[in-house]
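First the structure, in the form of structure tokens, and then the observations on it.
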Amino acid sequence: MKEVKKKISIFLMTLMLASTFSANVTKADVIESKNTFAYEEIMPYAAVCPRCGGRITSSTVWGSWISSGTVTCTHGHAWGTDLKQYRTGIKTTKCLNCNAGNTANVKETRTICHGYDN
């Protein structure tokens, strides 16, 4: 009886081992499974220089926030106003390969809630 149990155990272990190595996952299987990861194409993480194909970096130096006025609260509060603000900055882009680049003036706005209910 022990001999039969041993042979059955060896057979089942061999079967499990063989099935483990025979299961292949292909690129098509991953795409078809609709996972959150899409392996259909490679997405670049940096901008590419139109001159040389090198990688472009950018940085922005921001000024201080400037208040430009108030508006009625847009966040659902019964009383108070929201503060409108803006700031300007200089955005610099530069190719790490050929050093080509430029600068541009940029503007950012925000609304700060100063509303209240009681």
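For ALA100, enumerate residues with amide H under 5 Å from its amide H, sequence gap 5+ or separate chain, H modeled in the peptide plane.
CYS95
What's the local net charge at TRP62, with K and R +1, D and E -1, over the other residues with C-beta under 15 Å away?
Net charge around TRP62: +3.
Within segment 51-73, whose backbone N sits under 16 Å from a point 7 Å along Cα→Cβ of THR88?
Inside the label zone: 61-68.
If you take the beta carbon distance between HIS75 and LYS107 as r and set R0 to 25 Å, what does 1/(1 + (r/R0)^6) give as a FRET efficiency, to the nearest 0.05? Write down the numbers at each step before the final one.
Details: r = 23 Å, r/R0 = 0.92.
Once rounded, the FRET efficiency stands at 0.65.
Quick one: net charge around MET13, please, counting Lys, Arg +1 and Asp, Glu -1 for every other residue with C-beta under 13 Å from its C-beta.
Here the count lands on +3.
Points 7 angstrom from Cα along the Cβ direction at SER68 and TYR45: gap in nanometres?
So the label points at SER68 and TYR45 sit 3.5 nm apart.
Within 12 Å, Cβ to Cβ, of ASN105, how many net charges do the neighbouring residues add up to if Lys/Arg are +1 and Asp/Glu are -1?
+2
None of the figures in this text is laboratory data; all of them are computed from the coordinates on show. What you are looking at is a predicted structure, and each value in this text was computed from that prediction instead of being measured. Positions of Cβ are backbone-derived with ideal geometry, glycine not excepted, and every protein chain shown enters the neighbour counts.
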